[in-house]
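Data block below; observations after.
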Amino acid sequence: MSYVYEDKDPAFAEKCGDMMLYSTQVGFLKNLAEELIALANEDNWLESFETINNEKKVEAVMENKKLMNAIKEVFSPIQPIFRDKDAKIAQEKRKAAAEALRDGELEKSLGLASQSVLRSPMTNVDESIDGGVSLALGLWLRSEILMRGNRYQAALEDLKMALKERIPARMRGQYYWRLGNCYKGAGEPTRAKVFYEIANRLIDDKKAKIQLHQDMESLDFSLEPKHSENQKGTVLSGGSNYAMPALSNLIEITTDQLKGRYAVASMPIKTGDVLLIDQPYAACLFHKYYGTHCQHCLRRLEDCVEVAPVGCPKCSGVAFCSVQCKDIAISTYHPYECPFMGLFIGSGMSVLSHIALRMVTQVGLETSLAIYSKYLSSEEISNNEVSTNPRKCKTRNRKERLTRSRMGLGMVSGDDVMKEDKNSFEDKQNELLKRADEIYRLCTHSEKRNGDDYLKRIVIAMFLTECLKKSGFFKRDENEQQQANVLSICKLIIQNLQLLQFNAHEIYETLRGAHMFTGSKPSYIAVGIYSTGALFNHECSPAVARYFEGSKIILRAIRPLEAGEMVSENYGPNVLVRNLAERQKSLACRYWFKCDCLACKEDWPLLKQMNFNDPILRCPNILCSWKYRPNPDNPPEKCPKCSVPIEKCLINVYIETVERCLAGYEKGASLMDEERAEEAAAALCAAVDAYHNVGRLPHRETFLAQESLRACFATAGNTHRVKHNPQLGDK
């Protein structure tokens with residue numbers, strides 16, 4: 001059987017598949033995969049391997065002694081490789097930060113202090129330097145720097161952490177004094193007075209007491225607490241879909257034998273409507289951003305005003321924007337990934353391979369095995385059925401709260417508490433399985449994979465499984481049970497690698513220059529998998545623009561749609577800049593399908609080939625797809641496709657509408673020049689809607705308006721000034 005990517009360019013398709021797994025430039029995984037392919041081809045084993053059922057392919061590799069000996073030779077020496085803590089470096093960074101602070105270089109001192117915090121070992125781990133309290137001292141210094149920058153909430157967070165890390169007793173008076181100053185700066189004089197009074201009892205120095213009393217007398221109890229301005233979040237147009245809350249009520253998911261599951265308009269959609277707001281099921285940063293963005297929520301660290309970066313208790317290779325993000329990561333996936341962060345980078349492993357691992361580590365062993373049993377194994381899952389009744393779930397939550405209250409009053413026994421904990425775990429697992437349900441229904445195209453491709457994915461999965469084994473992910477069960485669990489997790493990772501190839505999204509933020517739009521560009525920082533976002537099919541001239549707010553993916557309409565029309569996304573090759581042959585090759589080799597969208601069927605011209613003054617009008621019959629260029633001397637009398645009459649006066653009305661739209665485009669462009677994004681978007685939306693009533697794409701002005709809308713949406717959603725931002729993890 002011949003597949004679409006084989007007809008186009010099989011060598012390019014293979015290269016695309018390899019790039020989803022590992023780097024073709026650095027690391028040992030590429031060479032290992034190629035060596036194993038060569039070994040498998042020596043005795044034509046690979047040919048028979050292709051005929052084996054996918055569920056048994058891993059076992060077939062494990063039974064091949066030649067392959068397994070080569071794999072074990074590489075994988076058996078695997079040991080944790082990561083960027084460890086270093087109290088000496090932390091001390092040096094702290095001293096450099098203090099010097100920069102004395103010189104008035106706040107930004108530089110803050111970067112150095114954050115590096116000191118991230119490199120500091122936990123309290124009492126290395127008592128030879130700073131008496132084992134390097135972390136507390138680093139947090140203490142950074143709190144002062146944050147106060148100088150009027151970031152009092154962030155300073156308070158650092159002070160609270162410094163106390164937990166056992167700040168020296170001799171500093172306690174200064175500690176409570178600084179707490180008072182922070183609460184004073186935050187507009188909470190009552191709390192400030194409490195800590196000032198505590199500091200007054202602990203400080204003996206007379207000069208310090210005089211200053212402390214002056215601070216107390218300067219408190220203004222008429223002030224209101226300062227609250228940061230919360231940005232108004234984006235909301236779905238038409239409300240949220242009950243069955244799929246990430247979707248707008250304007251959208252529904254339908255199924256087609258050829259197109260699979262995809263999004264269509266359930267009612268008319270206007271330009272600018274927000275159609276999707278989806279959180280990632282799993283997402284991972286590109287490793288070069290480990291020092292500038294939060295490892296968990298992907299936020300740029302310098303944008304987190306009310307908190308300051310914190311690190312992992314064991315490694316110095318990653319940063320988190322807050323204690324909350326750190327606690328989530330430490331309680332789920334990071335302990336199993338942390339020891340091998342250096343190895344992951346050095347191996348050349350792709351970010352998609354990392355997400356395939358994260359999809360396992362973030363839910364834990366038990367839930368991963370339940371997912372495997374439910375979606376990959378022929379055996380049915382037991383005691384883990386997903387409850388879809390929201391009323392039942394709410395009832396259970398109420399019972400849980402009541403049980404906890406009764407336990408606090410001594411009305412329930414320890415056995416009841418154990419039962420409650422078991423129920424709580426099952427509730428959590430059921431919730432995780434519900435989230436996984438949409439993910440593991442996404443396409444993998446397993447049946448189209450050749451032996452080479454599948455063997456490479458098995459190699460990556462075995463590598464990641466070996467790292468999990470040495471990180472303590474698998475429980476110390478009986479040897480036979482552990483082997484079964486290892487095999488199941490390996491197969492689950494292979495499934496993840498397959499579905500990620502076709503369903504992942506690159507996550508970007510918009511970097512702007514001196515002007516909000518001119519010179520702005522997307523910067524790709526991470527990759528994520530979105531359970532609902534992955535259901536939008538491709539068109540070379542899409543109906544929506546995609547942008548991100550942190551890790552959330554947002555889709556907004558850039559042209560109106562009628563009920564029943566497909567709501568299309570774009571997977572990369574766009575009709576504006578890439579011709580038909582290039583788009584078809586890219587989509588066939590990267591995503592394994594032949595695009596038959598209208599732009600491909602009619603071979604629309606590129607943007608640079610279009611004429612500004614050559615509008616394209618459509619048949620008056622809205623159900624007809626015919627379009628024409630108006631000729632005043634010889635107008636068409638009727639549509640050659642549907643025979644609907646075309647009146648000359650109607651053509652004149654259409655032309656007038658086009659001219660009004662051109663004026664609307666110009667107004668939107670001028671508003672963009674003035675950096676008035678919301679007003680520009682409103683003007684452009686109105687112009688695109690009006691043109692849609694008389695014309696059909698392609699039309700240069702309409703395309704330009706849509707591209708301007710993309711810029712407006714993306715800039716409003718996630719924009720950062722281009723400036724120097726030191727890597728917090730740099731030595």
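Points to keep in mind about this one:
- No other residue among 444, 465 is hydroxyl-bearing (Ser, Thr, Tyr) and not in a helix (DSSP H, G or I) apart from 444.
To keep it simple, each residue is scored yes or no on (1) acidic (Asp, Glu); (2) surrounded by 19 or more Cβ atoms within 10 Å (Cβ to Cβ); (3) in contact with a strand residue (DSSP E or B) (Cβ under 6 Å, 6 or more places away or on another chain); (4) free of Cβ contacts under 8 Å to residues at least 60 places away in the same chain.
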| position | (1), (2), (3), (4) |
| --- | --- |
| 3 | no, no, no, no |
| 9 | yes, no, no, no |
| 12 | no, no, no, no |
| 16 | no, no, no, no |
| 19 | no, no, no, no |
| 25 | no, no, no, no |
| 28 | no, no, no, no |
| 36 | no, yes, no, no |
| 40 | no, yes, no, no |
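- Every residue from segment 575-596 that is open to solvent by 10 Å² or more (accessible area, probe 1.4 Å) and either assigned to a loop (DSSP other than H, G, I, E, B) or without any contact (Cβ under 8 Å) to a residue 40 or more places away in the chain (or both): 576, 577, 578, 579, 580, 581, 582, 586, 592, 593, 594, 596
- Boolean, residue 75 is within 33 Å of the chain's Cα centre (by Cα), open to solvent by less than 50 Å² (accessible area, probe 1.4 Å) and either of a type in the set (Ser, Thr, Tyr) or not assigned by the TED database to the domain that holds residue 132 (or both): yes
- Scope segment 609-642; condition outside any loop (DSSP other than H, G, I, E, B) and open to solvent by 100 Å² or more (accessible area, probe 1.4 Å); matching residues: 609, 638
- Per the listing 615, 632, the residue uniquely touching a helix residue (DSSP H, G or I) at 6+ places or on another chain (Cβ under 7 Å) and at pLDDT below 85 is 615.
- Scanning segment 329-375 for residues that are at positive phi and either outside any helix (DSSP H, G or I) or over 22 Å from the mean Cα position of the chain (by Cα) (or both) gives a single hit, 348.
- Residue 157 vs. criteria among the charged types (D, E, K, R), outside any helix (DSSP H, G or I) and open to solvent by 50 Å² or more (accessible area, probe 1.4 Å): no
- Odd one out for residue 306 among (1) in a loop (DSSP other than H, G, I, E, B); (2) farther than 22 Å from residue 279 by Cβ: (2)
- Among the candidates 120, 128, the residue that is surrounded by fewer than 21 Cβ atoms within 10 Å (Cβ to Cβ) and in contact (Cβ under 8 Å) with a residue 24 or more places away in the chain is uniquely 128.
Residue by residue, here is whether (1) in contact with a Gly (Cβ under 7 Å, 6 or more places away or on another chain); (2) buried (at least 22 other Cβ atoms within 10 Å of the Cβ); (3) more than 19 Å from residue 364 (Cα to Cα) holds:
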{"position": "288", "(1), (2), (3)": "no, no, yes"}
{"position": "299", "(1), (2), (3)": "yes, no, yes"}
{"position": "304", "(1), (2), (3)": "no, no, yes"}
{"position": "311", "(1), (2), (3)": "no, yes, yes"}
{"position": "339", "(1), (2), (3)": "no, no, no"}
{"position": "347", "(1), (2), (3)": "yes, yes, yes"}
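- Residue within segment 507-516 that is acidic (Asp, Glu), touching a residue at least 12 places away in the same chain (Cβ under 8 Å), touching a strand residue (DSSP E or B) at 6+ places or on another chain (Cβ under 8 Å) and open to solvent by less than 20 Å² (accessible area, probe 1.4 Å) present: yes
- Yes/no for residue 170 being open to solvent by 10 Å² or more (accessible area, probe 1.4 Å), out of contact with any strand residue (DSSP E or B) (no Cβ under 9 Å at 6 or more places or on another chain) and in contact (Cβ under 8 Å) with a residue 24 or more places away in the chain: no
The values are calculated or read from the model by the stated rules, or taken from the named source; none is laboratory data. Bear in mind that the values here come from a model prediction, so they are computed numbers and not experimental data. In this analysis, Cβ positions are derived from the backbone assuming ideal geometry, glycine residues included, and neighbour counts consider all displayed protein chains. The accessibility values were calculated without ligands, DNA or RNA, using every heavy atom of the protein model including side chains. Shrake-Rupley method; radii C 1.70, N 1.55, O 1.52, S 1.80 Å.
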